[in-house]
Amino acid sequence: MKAEPAVQRRLLDLADADAELARIEHRRRTLPELAEIEAAEKSLQVKRDTVVAANTAHRDLNREVTKQEDEIEAVRSREDRDRKLLDAGNVGARQVADLEHELNTLRRRQTALEDDLLELMERREAVELDIKHAQAELGKAEETLADAQQRRDSALADLETAQARRDADRTRLVVTFPADLLGLYDRVRQQKSIGAALLRARRCGACRIELDRNTIGAIRDSAADEVVRCEECGAILVRTPESGL
Ligand SMILES: [Zn+2]
């Protein structure tokens, strides 16, 4: 294949644009914010679970407190009833003894229930503190995630701008190449990621391999408009005074 040396040299600009586009694409896939977001999302889920667990514990305790209060209330009305019977005075001695015995039992029962209720309420207070703490932690985790997402979006927007600029460069460039040369360049680039490179100091700019004496000799002898390629990686080798020929 033949192409004017000036056209061949322009392939280096195209290769620069493509390398930059590949860097942009790589950067897009490996933004540190992506890992940050993944970690922040995991952490957020853990904090959400903690809030849910604390709220569930609170609901359970509320239920227990209500149950305990109902029980205390039941004992209290039983006590009231017994006392009224005693106060009315129209019960026999045997019944008085029974009622007094029951009242004693009820009082003990009430004290025990009230102690339990107190403990339940203390536990509920502790769980309320847990909820506050868990919600604060959840809020922090949400902020961390939002912050990382914002930084990711801004980095992506920058990359988008850089890519648009490079795409425009590329579009302007490609129309200046003959179709066969561009076709070869694109084929090599698709296979090996670098389509064309400078031959500098006898080294292929794409695969970095130093060419042997015979190859260098053959390249030196080939016409300036001959399109030469690296035997190792297939890249189009662009010759300039830096090539060391
Ligand atoms: Zn090479």
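The values are calculated or read from the model by the stated rules, or taken from the named source; none is laboratory data. Because the structure is predicted, anything quoted here is derived from the model rather than measured. Cβ atoms come from the backbone with ideal geometry, glycine included; neighbour counts cover every protein chain shown. All accessible areas refer to the heavy atoms of the entire protein, side chains included, with ligands and DNA or RNA removed. Shrake-Rupley method; radii C 1.70, N 1.55, O 1.52, S 1.80 Å.
Every test in (1) surrounded by 14 or more Cβ atoms within 10 Å (Cβ to Cβ); (2) under 30 Å from GLN45 (Cβ atoms) is passed by GLN110 save one, and that test is (2).
The rows are residues; the columns are (1) open to solvent by less than 20 Å² (accessible area, probe 1.4 Å); (2) free of Cβ contacts under 8 Å to residues at least 12 places away in the same chain; (3) on the phi > 0 side of the Ramachandran plot.
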site	(1), (2), (3)
ILE209	no, no, no
ARG213	no, yes, no
ARG220	no, no, no
ALA223	no, no, no
ALA235	yes, no, no
VAL238	yes, no, no
LEU245	no, no, no
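Against the test of being under 47 Å from the mean Cα position of the chain (by Cα) and within 11 Å of the ligand (Cβ to nearest atom), the options LEU182, LEU237 yield a single qualifying residue, LEU237. Does segment 212-225 include one or more residues that are small (Gly, Ala, Ser), in contact with a helix residue (DSSP H, G or I) (Cβ under 6 Å, 6 or more places away or on another chain), at pLDDT below 95 and away from the ligand (no atom under 16 Å from the Cβ)? Looking for residues that are small (Gly, Ala, Ser), in contact with a helix residue (DSSP H, G or I) (Cβ under 6 Å, 6 or more places away or on another chain), at pLDDT below 95 and away from the ligand (no atom under 16 Å from the Cβ), one finds at least one in segment 212-225, hence yes. With the condition kept exactly as written, say whether any residue in segment 92-111 is at pLDDT below 95 and not in a helix (DSSP H, G or I). Yes, there is a match, as at least one residue in segment 92-111 is at pLDDT below 95 and not in a helix (DSSP H, G or I).
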